[in-house]
Amino acid sequence: MNVIDILTPERRSWNMSRIKGQNTGPERKLRSMLHKSGLRFRLHRKDLPGKPDIVFPKYQTVIFVNGCFWHRHKGCAMAYTPKSRTDFWQAKFERTIERDARKTKELRALGWKVLTFWECEINSEPESCIERVLTTFRESYSLTPRISATKSTIE
Ligand SMILES: [Zn+2]
């Protein structure tokens, strides 16, 4: 009997959710740092493609926190390929990469900015992750047309 067989269904689904990674350690860490920086956001908005982990409606920006293993962080030690059942893993990884690319494209087409952070980045250089978020917001602010000016022109 292998380990999976002796887990109860509840336990098993808990394990899977840990592996699939909603509310994972890195995501919680990033969220709490964003919160400390005074930023407010929404989580896992189901009405958006790919259910982004963190959503800033005001800045039309979403964040995905990607696990390095599942989402195949290029050149990262955590993105190794298991030695057995290589084909199975390869196919699985390809589907994930394809899905990630598709949801990013869909979000951009809807006018959202998409930021992706890797778990190893959040763990090793959290400050630069926060800086990247802030830079994106500053850019989107300077690009926002001045609505009041436009209005007065129309009137
Ligand atoms: Zn990584």
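Readers should treat all values here as calculations from the given coordinates under stated rules, not as data from a laboratory. As the structure is a prediction and not an experimental result, all values here were calculated from the model. Note: ideal-geometry Cβ built from the backbone for every residue, glycine included; neighbour counts use all protein chains shown.
Within the range 64-73, identify whether any single residue is closer than 17 Å to Thr136 by Cα, in contact with a helix residue (DSSP H, G or I) (Cβ under 9 Å, 6 or more places away or on another chain) and assigned to a helix (DSSP H, G or I), and answer yes or no.
No.
Check whether at least one residue in the range 25-36 is within 22 Å of Glu131 (Cβ to Cβ), crowded, with 19+ Cβ neighbours inside 10 Å, within 16 Å of the ligand (Cβ to nearest atom) and of a type in the set (A, V, I, L, M), and report yes or no.
The answer is yes; a qualifying residue exists.
The rows are residues; the columns are (1) surrounded by fewer than 16 Cβ atoms within 10 Å (Cβ to Cβ); (2) more than 16 Å from the ligand (Cβ to nearest atom); (3) on the phi > 0 side of the Ramachandran plot.
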position: Leu48; (1), (2), (3): no, yes, no
position: Phe64; (1), (2), (3): no, no, no
position: Gln90; (1), (2), (3): yes, yes, no
position: Glu106; (1), (2), (3): yes, yes, no
position: Gly111; (1), (2), (3): yes, yes, yes
position: Arg138; (1), (2), (3): yes, yes, no
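Please specify each residue of the range 67-82 satisfying the condition of being within 9 Å of the ligand (Cβ to nearest atom) and surrounded by fewer than 17 Cβ atoms within 10 Å (Cβ to Cβ).
Within the range 67-82, Lys74, Gly75, Cys76, Ala77, Met78 meet the criteria.
Table: residues versus (1) touching a strand residue (DSSP E or B) at 6+ places or on another chain (Cβ under 8 Å); (2) over 15 Å from Pro26 (Cβ atoms); (3) not in a helix (DSSP H, G or I).
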{"position": "Ser84", "(1), (2), (3)": "no, yes, yes"}
{"position": "Arg95", "(1), (2), (3)": "no, yes, no"}
{"position": "Phe117", "(1), (2), (3)": "yes, no, yes"}
{"position": "Cys120", "(1), (2), (3)": "no, no, no"}
{"position": "Cys129", "(1), (2), (3)": "yes, no, no"}
